[in-house]
């Protein structure tokens, strides 16, 4: 059912490094035309570091691993593209629609496509006020049951990071912070929470992936890589901005799948574009890190088969 590009299919079949990319960040995470430019650049970064990019989406009812330039343009500009989580995939496929995949849906399709490393910006999780709204991202459920390594810049800072980390612990998902003893918070290098587990570099991450799945864990792994210091917006600056965006969300009565796109867009407005610049910078960095992890993991798998 999944349609690969020739490049992705050949790489997966040969055991070469492949990195999955989500498509919601293109259609619902950034304005046009920065979104398509960012998507093209990130694919280039992954290639420069020795891996094959596989942007995941559903187009015309067909799940795809790897997209053409025309596909990326469609995702970036077509207003009919739906934000697609796992629960939405059957209906979108049945109707022949277009779906930009969230972290959860991208993980699910990447796993079906035989791809073990996935790069995104920020992880979803437990929303603030979830004790009454019960608003918890499907990303966490998918992480608990899908063996894919998710490279991110931490949990989106609009969420309740502490409760998200507690939930991941309960679900048995290894959460590794690359090169830091502090868990990052998307735009900022620190969140006020310690790293659940620390690793240093792609070799350690690749070995952890191999060990996790050798042990029979059915979960994914989170690799939180802090945004580069030169690009971060310190948490002390972001906290009041996020508080204002959340207040605006409540005032407008926005909830459900529309909440995160509204909040991210409002934060761009409140920071005069600085948050968008930071977002692009962290995605670039994660693409580099994810490609290096995929290269090391493919090498380990190749050694086992010799």
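The values are calculated or read from the model by the stated rules, or taken from the named source; none is laboratory data. A quick note: this is a predicted structure, and the numbers were derived from the prediction, not measured. Every residue, glycine as well, gets a Cβ built from its backbone with ideal geometry; the counts of neighbours run over all protein chains shown.
Give me the residue from the range 122-137 that is over 16 Å from the mean Cα position of the chain (by Cα) and either assigned to a helix (DSSP H, G or I) or modelled with pLDDT of 90 or more (or both) and, out of that set, farthest from residue 223 (Cα to Cα).
Among those residues, the one meeting the criterion is 132.
What helices (runs of 4 or more DSSP H), lying completely within the range 32-105, carry at least 2 residues that are touching a helix residue (DSSP H, G or I) at 6+ places or on another chain (Cβ under 9 Å)?
Hits in the range 32-105: 34-48, 69-77.
Within the range 234-278, how many residues are free of Cβ contacts under 8 Å to residues at least 60 places away in the same chain, touching a helix residue (DSSP H, G or I) at 6+ places or on another chain (Cβ under 8 Å) and closer than 19 Å to residue 160 by Cβ?
7
Collect the residues in the range 146-173 that are more than 16 Å from the chain's Cα centre (by Cα) and either assigned to a loop (DSSP other than H, G, I, E, B) or closer than 20 Å to residue 215 by Cβ (or both), keeping them in residue-number order.
Result: 160, 169, 170, 171, 172.
Among the residues of the range 169-194, count how many are loosely packed, with under 14 Cβ neighbours inside 10 Å, under 20 Å from residue 143 (Cα atoms) and in contact with a strand residue (DSSP E or B) (Cβ under 9 Å, 6 or more places away or on another chain).
Number satisfying all stated conditions: 1.
Do you know which of the residues in the range 13-31 that are in a helix (DSSP H, G or I) and out of contact with any strand residue (DSSP E or B) (no Cβ under 6 Å at 6 or more places or on another chain) is surrounded by the most Cβ atoms within 10 Å (Cβ to Cβ)? Give the derivation first.
Keep residues of the range 13-31 that are in a helix (DSSP H, G or I), which gives 13-14, 24-27.
Those still in the list that are out of contact with any strand residue (DSSP E or B) (no Cβ under 6 Å at 6 or more places or on another chain) too: 13-14, 25-26.
Working: 13: 10, 14: 10, 25: 26, 26: 30.
Checking each candidate, the answer is 26.
Would you check if there is a residue in the range 289-302 being assigned to a loop (DSSP other than H, G, I, E, B), modelled with pLDDT of 95 or more and in contact with a strand residue (DSSP E or B) (Cβ under 7 Å, 6 or more places away or on another chain)?
For the range 289-302, residues assigned to a loop (DSSP other than H, G, I, E, B), modelled with pLDDT of 95 or more and in contact with a strand residue (DSSP E or B) (Cβ under 7 Å, 6 or more places away or on another chain): absent.
Do we find that residue 180 is part of a loop (DSSP other than H, G, I, E, B) and in contact (Cβ under 8 Å) with a residue 60 or more places away in the chain in this structure?
Against the criterion (part of a loop (DSSP other than H, G, I, E, B) and in contact (Cβ under 8 Å) with a residue 60 or more places away in the chain), residue 180 does not qualify.
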